[in-house]
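First up is the structure itself, then whatever we jot down about it.
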Amino acid sequence: MPTLRITPTIAIDESELDERFVQASGPGGQNVNKVATAVQLRFDVARTSALSEPVKQRLRTLAGRRLSADGMLVIDARRFRTQERNRADARERLIALIRRAATPAAKRIPTKPTLAGKRRRLDEKKLRSATKRTRAKPPAED
């Protein structure tokens, strides 16, 4: 069976992909109302065994509104006039999305401000305070 290679460790079997061809809006010349050139690529994220659970979770987050309630990822490709180019575009977009989900986000290491940075901040606050003090109305004398 043909497979779609995502990363060296991730490959999706082509049988897990469902492609539907629909009529596209936009440019197409005389063929626009006759040929179904737009591609809807469907991939069942919830039931696939090709992805680990952490990758599935990140993919659900990245997919956003392209993910249906039952866990089906739908990629709509209608950028080109030919069915073959739209098909390749949909697959490339799926590969890019899964690759982004396969790389975990870098963990943030909290840092502390330096002593010089703290001093600079306090000096700036003093300057700002002094500037505002000069703008204040003088106290009323009774």
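What do you reckon, is residue 103 more than 22 Å from residue 11 (Cα to Cα) and either in contact with a strand residue (DSSP E or B) (Cβ under 6 Å, 6 or more places away or on another chain) or of a type in the set (Ser, Thr, Tyr) (or both)?
no
Whether any residue in segment 83-97 is in contact with a helix residue (DSSP H, G or I) (Cβ under 9 Å, 6 or more places away or on another chain), of a type in the set (A, V, I, L, M) and closer than 30 Å to residue 48 by Cα is what I want to check.
Checked segment 83-97: at least one residue is in contact with a helix residue (DSSP H, G or I) (Cβ under 9 Å, 6 or more places away or on another chain), of a type in the set (A, V, I, L, M) and closer than 30 Å to residue 48 by Cα.
Looking at this structure, is residue 84 within 17 Å of residue 6 (Cβ to Cβ) and not polar (S, T, N, Q)?
No: the conditions fail for residue 84.
Would you be able to say whether some residue in segment 36-54 is among the hydrophobic types (A, V, I, L, M, F, W, C), surrounded by fewer than 18 Cβ atoms within 10 Å (Cβ to Cβ) and touching a Phe, Trp or Tyr at 6+ places or on another chain (Cβ under 9 Å)?
Yes, some residue in segment 36-54 is among the hydrophobic types (A, V, I, L, M, F, W, C), surrounded by fewer than 18 Cβ atoms within 10 Å (Cβ to Cβ) and touching a Phe, Trp or Tyr at 6+ places or on another chain (Cβ under 9 Å).
Would you check which residues across segment 99-140 are within 30 Å of residue 63 (Cα to Cα) and exposed (fewer than 10 other Cβ atoms within 10 Å of the Cβ) and list them?
Narrowing segment 99-140 to residues within 30 Å of residue 63 (Cα to Cα): 99-110.
Answer for segment 99-140, where residues must be within 30 Å of residue 63 (Cα to Cα) and exposed (fewer than 10 other Cβ atoms within 10 Å of the Cβ): 104, 105, 106, 107, 108, 109, 110.
I need the full set of residues from segment 81-101 which are modelled with pLDDT of 85 or more and of a type outside the set (Lys, Arg), in order please.
Correct list: 84, 86, 88, 89, 90, 92, 94, 95, 96, 97, 98, 101.
Which one of 39, 35 is more than 22 Å from residue 9 (Cβ to Cβ) and in contact with a helix residue (DSSP H, G or I) (Cβ under 6 Å, 6 or more places away or on another chain)?
39
The values are calculated or read from the model by the stated rules, or taken from the named source; none is laboratory data. These figures come from a predicted structure and were not determined experimentally. Quick reminder, even Gly has a Cβ in these numbers, built from the backbone with ideal geometry, and neighbours come from all protein chains shown.
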